[in-house]
Structures are given as structure tokens and as C-alpha cells.
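A.B. asks: Starting off with a structure, shown below.
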Amino acid sequence: MNPIPATDASVDIRAHVCPMTWVRVKLALERLAAGQVLEVLLQGDEPLRNIPRSAAGDGHEILSSEAAGSDHRLRIRKGGAPC
Amino acid sequence: MLTDSQIDRYARHILLREVGGIGQERILAAEVRIDGLGPVGEWAAIYLALAGVGRLVLRDPQPVHPQLAGPVFGNAAVGRRRDEVLAEAIGLWNPDTNATVAEPADAPPTATVLHAAAGGIAVAAGGKRAAIGPAASCAACLASLVGTDTPDPAAAALAGSMAAGETLQLLLGIGSRPQGLRLFERGRPLPVPPCVHG
């Protein structure tokens with residue numbers, strides 16, 4: 001298994017609800033270069049279902065998804081496609 | 001960078017793949033001049049202001065007509081300058097849009113034209129018809145396509161919203177660039193006869 005690369009930026013969307021969860025993640029991804037890694041701290045089932053799906057739909061790669069206490073942490077590598 | 005309140009206000013744009021936060025910042029940095037603020041130009045100005053165009057320069061010194069009062073020009077505005085009334089309203093709706101009144105030209109505008117750095121859109125409505133094309137379109141064709149009847153509210157709203165949408169496409173550099181005039185009646189496309197105005 002490949003080691004998980006260091007993150008280049010992080011965004012905390014625990015205070016937001018759909019669709020602002022994806023809006024915040026999308027804006028954070030726009031600020032990265034292709035190949036850089038974004039860490040997303042989220043809470044609840046809705047963003048856990050939707051953020052990976054939306055990110056993959058825009059050409060980004062989900063590197064990891066893991067529980068972090070009562071929260072959840074995703075790592076997303078920015079794809080080469082324009083946001 | 002977008003502020004928290006701008007992220008909330010423009011979330012629906014940010015979600016669009018063709019716009020995003022980068023595109024919204026481009027809209028906020030853009031300037032559009034609108035000549036002609038009758039029932040069509042009024043709608044175009046409303047949509048562009050709510051979309052967050054950073055600077056709107058409005059030009060139509062004609063008085064607001066009671067029959068054309070529309071949703072913006074309420075009864076209190078009848079007889080006042082259209083550009084002044086609209087600039088005041090926009091200042092209340094969206095703090096991101098700086099709407100100003102341009103010096104009137106020698107003659108009041110006879111058509112509605114939207115000008116941006118990347119190009120322009122000419123638009124008109126009459127009766128149940130709406131017509132739209134590049135700013136360089138033949139003005140006589142544009143006028144004859146829609147006729148001289150007062151536009152139905154739906155035709156005016158269609159023409160104004162199409163003009164605003166196509167102007168946003170120009171600002172963002174997205175979408176197709178239709179050449180020539182297009183004509184709609186009750187929202188359905190109609191063929192456009194060739195220009196006979198030389």
C-alpha cells in the first residue's frame with residue numbers, strides 16, 4: 001500500500017450543510033495545483049456520501065477516507081481537469 | 001478571494017463546472033454597460049446585478065413610463081430617469097455591484113445593447129417576440145423582427161434574461177458564440193429572413 005502523501009491544504013466543513021459542503025471543498029480544490037492534496041474534515045453521513053462522489057465527478061481522486069473521532073477525514077488529490 | 005458572504009450569495013454559480021469560484025471572481029471584476037433600459041434592458045440589468053457583475057454602467061435618461069413600470073420601476077418611479085431608478089435599486093440588492101449612471105448621449109438609446117470588454121449583445125422585444133444577436137447586428141433588422149408593439153412581460157423577460165446570460169458567457173469565455181440574429185415567438189425559435197438593409 002502506498003503511503004498517504006502529505007496534505008497541501010485543509011478545509012473544515014463540519015459547520016456546513018449541503019450544498020455548501022461541496023461549495024467549500026470545490027473552492028479549496030480550485031486554490032491547489034493539479035496533483036496537490038486537500039484534507040477535508042467533515043461530520044455526518046450526507047457529506048461522507050456526497051463529497052467523494054462530487055470530487056470524483058470533477059476528476060479528482062479520493063486517496064483516503066477515515067474516521068477521526070466523531071468526525072471523518074478525507075484526502076483528495078486534485079485532478080488535472082479544470083474546476 | 002471570495003468572502004464568506006459572497007460564497008453564500010454565489011453558491012449556485014460556484015457549483016457550476018463552467019463557473020466555479022474562479023469564474024465568479026471574474027464576474028465580480030467585470031464591467032458591463034447597458035444602453036437602453038426599457039422592459040428588456042431592465043431585466044438584463046437585474047440579472048447581471050444579481051449575478052454579481054462588479055460594475056454596471058447604465059444609460060437611459062428617458063422617464064419611466066407607467067405602462068412599462070415593471071417589477072423595478074414601481075409607481076413612485078414613474079416620470080423619473082430609468083437609469084437613476086435602476087442604479088438606486090441595484091445598490092440596495094447587491095453590495096458587490098456598483099451601478100452608476102452614464103452621461104446621456106445626444107439621442108436617447110433606441111435599442112438595448114450590452115457592452116463588455118469581450119464583446120456585446122443587442123436585444124429587443126415586441127409583442128410576443130424576442131430577438132437577440134451580437135452588438136454589431138443590423139439594428140434595422142433587429143427592430144423589424146420584433147415590431148413596434150409593446151412587449152409582453154414574458155417576451156421582455158425572455159429577451160432580457162437571454163441577453164444577461166449571453167453577456168455572462170462573454171465575460172467567462174464559455175459557451176458557443178452564435179453568429180447573426182436569432183428570433184423567438186412565445187419562446188419558440190423562428191427563422192430569420194436575410195438582411196435587406198444594405
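A.B. asks: Where in the stretch B:14-121 are there helices (runs of 4 or more DSSP H), lying fully within it, with 2 or more residues that are exposed (fewer than 15 other Cβ atoms within 10 Å of the Cβ)? Please lay out each step first, then the result.
C.D. replies: Details: elements: B:20-28, B:39-51, B:82-93.
By residue number, B:82-93.
A.B. asks: Report yes if some residue within the stretch A:60-71 is of a type outside the set (Gly, Ala, Ser), under 13 Å from the mean Cα position of the chain (by Cα) and within 27 Å of B:Leu172 (Cβ to Cβ); otherwise report no.
C.D. replies: Going through the stretch A:60-71, the residues of a type outside the set (Gly, Ala, Ser) turn out to be A:60-63, A:66, A:71.
If we keep only those that are under 13 Å from the mean Cα position of the chain (by Cα) too, we end up with A:60-63, A:66.
Imposing the further condition that a residue be within 27 Å of B:Leu172 (Cβ to Cβ) reduces the set to A:60-61.
The answer is yes, given that some residue of the stretch A:60-71 is of a type outside the set (Gly, Ala, Ser), under 13 Å from the mean Cα position of the chain (by Cα) and within 27 Å of B:Leu172 (Cβ to Cβ).
A.B. asks: Separate question: Going by the structure shown, is A:Ser70 modelled with pLDDT under 95 and of a type in the set (Ser, Thr, Tyr)?
C.D. replies: Values: modelled with pLDDT under 95: yes; of a type in the set (Ser, Thr, Tyr): yes.
Yes.
A.B. asks: Next question. Among the candidates A:Arg49, A:Arg24, which residue alone is outside any loop (DSSP other than H, G, I, E, B) and more than 26 Å from B:Ile174 (Cβ to Cβ)?
C.D. replies: Result of the check over A:Arg49, A:Arg24: A:Arg49.
A.B. asks: Which of the residues that make up the stretch B:2-35 are among the β-branched types (Val, Ile, Thr) and at the interface with another protein chain (Cβ under 10 Å from one of its Cβ atoms)? Lay out the reasoning, then the answer.
C.D. replies: As a first pass, look at the stretch B:2-35 and keep what is among the β-branched types (Val, Ile, Thr): B:3, B:7, B:14, B:19, B:22, B:27, B:32, B:34.
Listed by number, the residues that qualify are B:Ile7, B:Ile14, B:Val19, B:Ile22.
A.B. asks: Any residue in the stretch A:50-63 that is over 19 Å from B:Gly21 (Cβ atoms), surrounded by fewer than 16 Cβ atoms within 10 Å (Cβ to Cβ), touching a helix residue (DSSP H, G or I) at 6+ places or on another chain (Cβ under 9 Å) and among the acidic types (Asp, Glu)?
C.D. replies: yes
A.B. asks: Starting from residues that are of a type outside the set (Ser, Thr, Tyr) and more than 16 Å from B:Leu190 (Cβ to Cβ), keep the ones in the stretch B:150-161 and report whichever is surrounded by the fewest Cβ atoms within 10 Å (Cβ to Cβ). Break it down stepwise before answering.
C.D. replies: Step one: filter the stretch B:150-161 for residues of a type outside the set (Ser, Thr, Tyr), giving B:151-160.
Adding the requirement that they be more than 16 Å from B:Leu190 (Cβ to Cβ) leaves B:153, B:156-157, B:160.
Details: B:Pro153: 13, B:Ala156: 26, B:Ala157: 22, B:Gly160: 30.
Per the stated criteria, the residue is B:Pro153.
A.B. asks: If a residue counts only when it is touching a Cys at 6+ places or on another chain (Cβ under 9 Å) and touching a residue at least 24 places away in the same chain (Cβ under 8 Å), which strands (runs of 3 or more DSSP E) contained entirely in the stretch B:124-198 have at least 1 such residues? Give the steps one after another, and end with the answer.
C.D. replies: On the way: elements: B:129-134, B:182-185, B:188-190.
Ranges flagged: B:129-134.
A.B. asks: Checking the conditions here, which among A:Ala6, A:Ala28 is modelled with pLDDT of 95 or more and among the small types (Gly, Ala, Ser)? Step through it out loud before you land on a result.
C.D. replies: Details: A:Ala6 fails: modelled with pLDDT of 95 or more.
Answer to the check: A:Ala28.
A.B. asks: I'd like the full set of residues that are of a type in the set (A, V, I, L, M, F, W, C) and more than 16 Å from B:Trp43 (Cα to Cα), limited to the stretch B:93-124. Can you show your working first?
C.D. replies: Filtering the stretch B:93-124 for residues of a type in the set (A, V, I, L, M, F, W, C) gives B:93, B:99, B:101-102, B:105, B:107, B:111, B:113-114, B:116-118, B:121-124.
Correct list: B:Val101, B:Ala102, B:Ala105, B:Ala107, B:Ala116, B:Ala117, B:Ala118.
A.B. asks: Still on this structure: Can you list residue pairs whose Cβ atoms sit under 6 Å apart, with the first residue in the stretch A:26-48 being away from every other protein chain (no Cβ under 14 Å) and the second being polar (S, T, N, Q) and part of a helix (DSSP H, G or I)? Count only pairs 6 or more apart in sequence or on different chains.
C.D. replies: A:Pro47/A:Thr21
A.B. asks: Return yes or no: is A:Ala56 out of contact with any Leu (no Cβ under 8 Å at 6 or more places or on another chain), away from chain B (no Cβ under 12 Å) and either at positive phi or outside any loop (DSSP other than H, G, I, E, B) (or both)? Please lay out each step first, then the result.
C.D. replies: Values: out of contact with any Leu (no Cβ under 8 Å at 6 or more places or on another chain): yes; away from chain B (no Cβ under 12 Å): yes; either at positive phi or outside any loop (DSSP other than H, G, I, E, B) (or both): yes.
Against the criterion (out of contact with any Leu (no Cβ under 8 Å at 6 or more places or on another chain), away from chain B (no Cβ under 12 Å) and either at positive phi or outside any loop (DSSP other than H, G, I, E, B) (or both)), A:Ala56 qualifies.
The values are calculated or read from the model by the stated rules, or taken from the named source; none is laboratory data. Keep in mind that what you see is a predicted model, and the values were worked out from it rather than measured. Reconstructed Cβ throughout: ideal geometry from the backbone, glycine too, with neighbour counts over all protein chains shown.
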